[in-house]
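Here is the structure we will look at.
The values are calculated or read from the model by the stated rules, or taken from the named source; none is laboratory data. Bear in mind the structure is a predicted one, so any value in this text is a computation, not a measurement. When we count neighbours, we look across all protein chains shown, and the Cβ atoms used for this are built from the backbone with ideal geometry, even at glycine.
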Amino acid sequence: MTTVSPQADQSEVTESSHDRHHRLRWAILGVLALAQLMVVLDATIVNIALPHAQADLGFGDSSRQWVVTAYALAFGSLLLLGGRLSDLFGRRATLIVGLVGFAGMSALGGAAVNFEMLVIARAGQGVFGALLAPAALSLLTTTFTDPEERGKAFGIFGAIAGAGGALGLLLGGMLTEWADWRWCLYVNLVIAAIALVGAVLFIGKQSPESRPVLDLPGTITVSAALFSIVYGFSNAETNGWADWATITWLVAGAALLAVFVVLQMRTTHALLPLRIVLDRTRGGSFLVVFVSGIGMFGIFLFLTYYLQQNLDFSPIRTGLAFLPMIGLVIVTATVTTSVLLPRFGPRWIVAIGMLIAAGGMLYLTGLSTTSSYATDILPGLLIMGVGIGASMPPSMQAAISGVTADDAGVASATVNTMQQVGGSVGTALLSTIASSAASAYVTDNLGKVGNPQALEAMAAVHSYTTAFGWAAGIFVIGSVLAAAVITSGKLPEPDKDAVVIHA
């Protein structure tokens, strides 16, 4: 008679659950992609709806930025904490809490009866988004361990991260024009519900082999630092770089970051172990994601202005104008991460991708008040699609390569933090540059152009093209950083035992 020990029986259950998780890996990718899409969409989907929300709730222009800033502040400042919490309590549990919370805050925002209620809801979205984003990316890392399949998965996931902002503009335009601005928030209930069902059905319960101790001093310090930096750049966009509040917040943020680094060097349970960022490939990839975040906002922000204000595109038509770029981002990302990255490694792929993106931005510097979409905008968008698709997804994959299972959550959170802070920096920096360029153009051409409206339109276009030129330079810097910092060679093999799945 054969007996089976409890240990062997448990081993068989664990193995069976692991096999099920592996078998459902592409369905899990769909769940994670939906979660990521929801987080990225909400960075831009509300922008188009803002004028309608403002008219409905009756708040002024000076308050309007807080609907966007509240989300960015909460999301950007809490990402590292969210990443470590996913390591501490399990990625599946963190993902589910994030989905439920994000949906709840979206419902609150959609039902807002005043400005304060809307801002609180947007901040709440940012809090739960800080749980969602790193949990989704780290689950992707631990679910796909085969290098070829991981490349395809990261291609799809990275394409969503790179093109989600444009999709947000399209969806925001459609919902605002065809339904009501509140549906820009209510739509998250549909996305979250589908993702939640998928998470419960497909993702196995996960138990970390060891529970990391939460680094409270580091958590408080870095959250305050990131809050100060994001707020400082948001204030710069509104009040300028010389404003005392801008300077104070940015200096405080830099000082707190320095304190955080010192704390991480001295503690045995670091929130962000320095080994994660000091590895050249990961560190270089973090920098590339940061620089990409700065540059990408140039195209979404100012090209949206140009299409609507200069070419009189409707919100829906504006969103549709970005679709060719989105398509090329998806195709290029999939090919790059599944075919090129496993063979050649990330260094030169990312560097060349950033140069291509810079070329797309340079093409857009040729815009004028008489430009057309087909000849003057579409080619630049297509070039940008190839460049972003070739640089962003490989950077995201390289940024979390070679980390242990215990560090997967915080490494993933660092990727999202870099992209979010980069976006905040880009919005403030390029907005300030564009504003200065417009003012200088008006001053220099005040007596040369008799029609004030024509002068205003020409100044606006000049401000956009100036921002595109700076964004091109930023992408070139990213290319140089990728070539100089990221090491040559293939990425390390993923850890096939990175996570324990229970029934």
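Would you mind telling me which numbered condition in (1) in contact with a Leu (Cβ under 9 Å, 6 or more places away or on another chain); (2) closer than 28 Å to Leu271 by Cα; (3) of a type in the set (A, V, I, L, M, F, W, C) Trp249 fails?
Going through the list (1) in contact with a Leu (Cβ under 9 Å, 6 or more places away or on another chain); (2) closer than 28 Å to Leu271 by Cα; (3) of a type in the set (A, V, I, L, M, F, W, C), Trp249 breaks only (1).
Give Val119, Val127 a once-over and let me know the one that is closer than 22 Å to Thr219 by Cα, modelled with pLDDT of 90 or more and of a type in the set (A, V, I, L, M, F, W, C).
Matching residue, one of Val119, Val127: Val127.
Tell me, yes or no, whether the stretch 445-461 has at least one residue that is within 29 Å of the chain's Cα centre (by Cα) and within 20 Å of Leu362 (Cα to Cα).
Yes, some residue in the stretch 445-461 is within 29 Å of the chain's Cα centre (by Cα) and within 20 Å of Leu362 (Cα to Cα).
For the stretch 192-221, enumerate the residues that are crowded, with 18+ Cβ neighbours inside 10 Å, among the aliphatic types (A, V, I, L, M) and at pLDDT 90 or above.
Passing the criteria: Ala192, Ala195, Leu196, Ala199.
Applying the selection to the stretch 308-320, what residues are surrounded by fewer than 22 Cβ atoms within 10 Å (Cβ to Cβ), under 23 Å from the mean Cα position of the chain (by Cα) and not β-branched (Val, Ile, Thr)?
Leu320, the sole residue that qualifies.
This table checks each residue for (1) aliphatic (A, V, I, L, M); (2) under 18 Å from Gly204 (Cα atoms).
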residue	(1), (2)
Val68	yes, no
Ala74	yes, no
Leu79	yes, no
Ser106	no, no
Ala121	yes, no
Ala133	yes, no
Leu140	yes, yes
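Using the structure shown, decide if Ala413 is within 30 Å of Phe144 (Cβ to Cβ), assigned by TED's automatic domain parsing to the domain that holds Met325 and touching a Ser or Thr at 6+ places or on another chain (Cβ under 7 Å).
no
Can you tell me how many residues in the stretch 235-279 are outside any helix (DSSP H, G or I) and within 19 Å of Leu78 (Cα to Cα)?
The qualifying residues number 5.
Name the pairs whose Cβ atoms lie under 8 Å apart, with the first residue in the stretch 28-43 and free of Cβ contacts under 8 Å to residues at least 40 places away in the same chain, the second assigned to a helix (DSSP H, G or I), and 6 or more positions between them or separate chains?
If the second residue must be assigned to a helix (DSSP H, G or I), no pairs are left.
Please go through the stretch 367-397 and pick out each residue that is in contact (Cβ under 8 Å) with a residue 12 or more places away in the chain and aliphatic (A, V, I, L, M).
Matches in the stretch 367-397: Leu367, Ile377, Leu378, Leu381, Leu382, Ile383, Met384, Val386, Ile388, Ala390, Met392, Met396.
When the stretch 434-471 is examined, which residues are found to be more than 18 Å from Thr304 (Cβ to Cβ) and hydrophobic (A, V, I, L, M, F, W, C)?
Ala440, Val442, Leu446, Val449, Ala454, Leu455, Met458
If I filter the stretch 331-349 for residues that are modelled with pLDDT of 85 or more, assigned by TED's automatic domain parsing to the domain that holds Ser463 and under 30 Å from Glu237 (Cα atoms), do I get at least one hit?
No: the stretch 331-349 contains no residue that is modelled with pLDDT of 85 or more, assigned by TED's automatic domain parsing to the domain that holds Ser463 and under 30 Å from Glu237 (Cα atoms).
In the stretch 26-51, how many are surrounded by fewer than 17 Cβ atoms within 10 Å (Cβ to Cβ) and either closer than 19 Å to Thr304 by Cβ or of a type in the set (Lys, Arg) (or both)?
Here the count works out to 1.
One line per residue, one yes/no per condition, for (1) over 22 Å from Val40 (Cβ atoms); (2) not hydrophobic (A, V, I, L, M, F, W, C):
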{"site": "Phe260", "(1), (2)": "yes, no"}
{"site": "Leu263", "(1), (2)": "yes, no"}
{"site": "Leu272", "(1), (2)": "yes, no"}
{"site": "Thr281", "(1), (2)": "yes, yes"}
{"site": "Phe302", "(1), (2)": "no, no"}
{"site": "Gly359", "(1), (2)": "yes, yes"}
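If you check every pair at least six apart or on different chains, which have Cβ atoms under 8 Å apart with a residue in the stretch 229-245 that is more than 19 Å from Thr417 (Cβ to Cβ) and not assigned by TED's automatic domain parsing to the domain that holds Ser77 first and a residue that is in a loop (DSSP other than H, G, I, E, B) and not charged (D, E, K, R) second?
none
Would you pick out the residues in the stretch 346-384 that are in contact with a Pro (Cβ under 7 Å, 6 or more places away or on another chain) and crowded, with 22+ Cβ neighbours inside 10 Å?
Selection gives Pro346, Ile349, Val350, Leu381.
Yes or no, residue by residue, for (1) among the hydroxyl-bearing types (Ser, Thr, Tyr); (2) surrounded by 14 or more Cβ atoms within 10 Å (Cβ to Cβ):
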site	(1), (2)
Ala413	no, yes
Thr417	yes, yes
Gly423	no, yes
Ser431	yes, yes
Pro452	no, no
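Output yes when any residue across the stretch 142-149 is assigned to a helix (DSSP H, G or I), among the acidic types (Asp, Glu) and either more than 29 Å from Pro315 (Cβ to Cβ) or at pLDDT below 75 (or both), and no when none is.
Yes, the stretch 142-149 contains a residue that is assigned to a helix (DSSP H, G or I), among the acidic types (Asp, Glu) and either more than 29 Å from Pro315 (Cβ to Cβ) or at pLDDT below 75 (or both).
What are the residues in the stretch 75-133 that are farther than 19 Å from Ala193 by Cα and small (Gly, Ala, Ser), if any?
Gly76, Ser77, Gly82, Gly83, Ser86, Gly90, Ala112, Ala123
Is one or more of the residues making up the stretch 300-320 at pLDDT 85 or above and on the phi > 0 side of the Ramachandran plot?
Yes.
Among the listed residues Leu189, Leu226, which satisfies the condition of being under 23 Å from Asn416 (Cα atoms), in a helix (DSSP H, G or I) and modelled with pLDDT of 90 or more?
Leu189
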